[in-house]
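Take a look at the structure set out below.
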Amino acid sequence: NASRLVGKTVLVTGASAGIGAATAILFAKGGSNVILCARRVDALTKVAEVCAAAHKESGLKQGGKFATVQLDVADKAQVASLFDKIPQDLQDVDILVNNAGFVYGVDRVGDIATSDYEAMFATNVFGLIAMTQLLVKRFKAKKSGHVINLGSVAGARREAYVGGSIYCATKHAVRAFTNSLMKEIVDTPIRVTEIQPGMVETEFSVVRFRGDKTAADKVYEGLQPLTAEDIAEEIVWAAARPPHVNLAEVFVLPVNQA
Ligand code: NDP
């Protein structure tokens, strides 16, 4: 029941594009307040404008507060001081969507630049951990909250692929971290969900091939990839379950990806 999200405050990392942007917009449509975080401020501002329009169109009176915060989740100091930049009326966050993440390159193990593997871990793993620590502390104090982590099918053993060692390792880490967190806070009302998408066509698809769109498009030959909106729907659905229901894992694939 989407009405459970009315008036809630949601913090989305990586909200400037792709799945994060679509998620922010869908929560806005459902009457939630949204804090949009990412590194690109201009892109964030544009998404926040779409959020405001979507909320207006919904006709809902509750929600409709949006803030954009420049945040590099890989920067520990920025994460630590994040709440200094969040407006006072949005400080009481109910849902964290740990979405910021990327894959850069399809290099084999011997060829991966140290800076590339460090950057992927810094964002996909350490950034996600830092954000989770920050919010879980608050969720424990208020005795409610929901952490929604973006894993991937790349976090499952059978989905390891040539050239994907680091990205897969980061998503395995997200999976292990999420599972442990779930057990650690089992005695609290805090919920923890991991969304594990298959192929989704976003900027991510092209970043993976360092901007080579032809190589990126080849991956989707013979199948219709998911859209960012498809994943946003799963995220919002998980968040809208009754408080006693924890949708622990959502594994979602395009119909022709097995
Ligand atoms: P996009 O490339 O479209 O968007 C990634 C978002 O993350 C952008 O808003 C980017 O914003 C942000 N971001 C990247 N690094 C950082 C950082 N260090 N700090 C803050 N924000 C950051 O990717 P998707 O929407 O496709 O991916 C979103 C999530 O879904 C990722 O975790 C990805 O691993 C996962 N996923 C994606 C799949 C796919 O096929 N697309 C499949 C499975 C999982 P900015 O550059 O402005 O900071």
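The values are calculated or read from the model by the stated rules, or taken from the named source; none is laboratory data. No experiment lies behind these values; they were computed from the predicted model shown. Here Cβ is always computed from backbone atoms with ideal geometry, including for glycine, and neighbour counts include all displayed protein chains.
General observations
- Of everything listed in (1) within 14 Å of the ligand (Cβ to nearest atom); (2) farther than 24 Å from residue 196 by Cα; (3) touching a residue at least 40 places away in the same chain (Cβ under 8 Å); (4) of a type outside the set (Ser, Thr, Tyr), the single unmet condition for residue 62 is (1).
Listed here are the residues, each with its yes/no results for (1) within 26 Å of residue 8 (Cα to Cα); (2) surrounded by fewer than 14 Cβ atoms within 10 Å (Cβ to Cβ).
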site: 183; (1), (2): yes, yes
site: 193; (1), (2): yes, no
site: 208; (1), (2): no, no
site: 218; (1), (2): no, yes
site: 225; (1), (2): no, no
site: 234; (1), (2): yes, no
site: 256; (1), (2): no, yes
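- Residues of the stretch 120-139 satisfying the condition of being among the hydrophobic types (A, V, I, L, M, F, W, C) and either modelled with pLDDT under 95 or near the ligand (Cβ under 9 Å from one of its atoms) (or both): 122, 128
- Count of the stretch 153-181 residues which are of a type in the set (Ser, Thr, Tyr) and surrounded by 14 or more Cβ atoms within 10 Å (Cβ to Cβ): 4
- The number of residues in the stretch 196-212 being more than 8 Å from the ligand (Cβ to nearest atom) and either assigned to a loop (DSSP other than H, G, I, E, B) or touching a Ser or Thr at 6+ places or on another chain (Cβ under 9 Å) (or both) comes to 5.
- Single residue of the stretch 142-167 satisfying the filter (within 16 Å of residue 191 (Cβ to Cβ) and in a loop (DSSP other than H, G, I, E, B)) that is nearest to the chain's Cα centre (by Cα): 151
- Scanning the stretch 213-247 for residues that are more than 8 Å from the ligand (Cβ to nearest atom), among the small types (Gly, Ala, Ser) and over 25 Å from residue 112 (Cβ atoms) gives 222, 232, 238, 239, 240.
- Of everything listed in (1) closer than 24 Å to residue 26 by Cα; (2) at pLDDT below 95, the single unmet condition for residue 235 is (2).
- If the condition is being buried (at least 16 other Cβ atoms within 10 Å of the Cβ), within 20 Å of the chain's Cα centre (by Cα) and either farther than 17 Å from residue 39 by Cβ or more than 13 Å from the ligand (Cβ to nearest atom) (or both), then the stretch 84-116 contributes 86, 90, 93, 94, 95, 96.
- Of all residues in the stretch 1-43 being over 15 Å from residue 55 (Cβ atoms), β-branched (Val, Ile, Thr) and buried (at least 23 other Cβ atoms within 10 Å of the Cβ), the one that is nearest to the ligand (Cβ to nearest atom): 19
- Of all residues in the stretch 91-141, those satisfying the criterion of being farther than 21 Å from residue 211 by Cα, charged (D, E, K, R), touching a residue at least 40 places away in the same chain (Cβ under 8 Å) and part of a helix (DSSP H, G or I) are 138, 140.
- Odd one out for residue 182 among (1) more than 10 Å from the ligand (Cβ to nearest atom); (2) under 23 Å from residue 127 (Cα atoms); (3) in contact with a helix residue (DSSP H, G or I) (Cβ under 6 Å, 6 or more places away or on another chain): (3)
- Scanning the stretch 215-232 for residues that are of a type in the set (Ser, Thr, Tyr) and at pLDDT below 95 yields one hit, 220.
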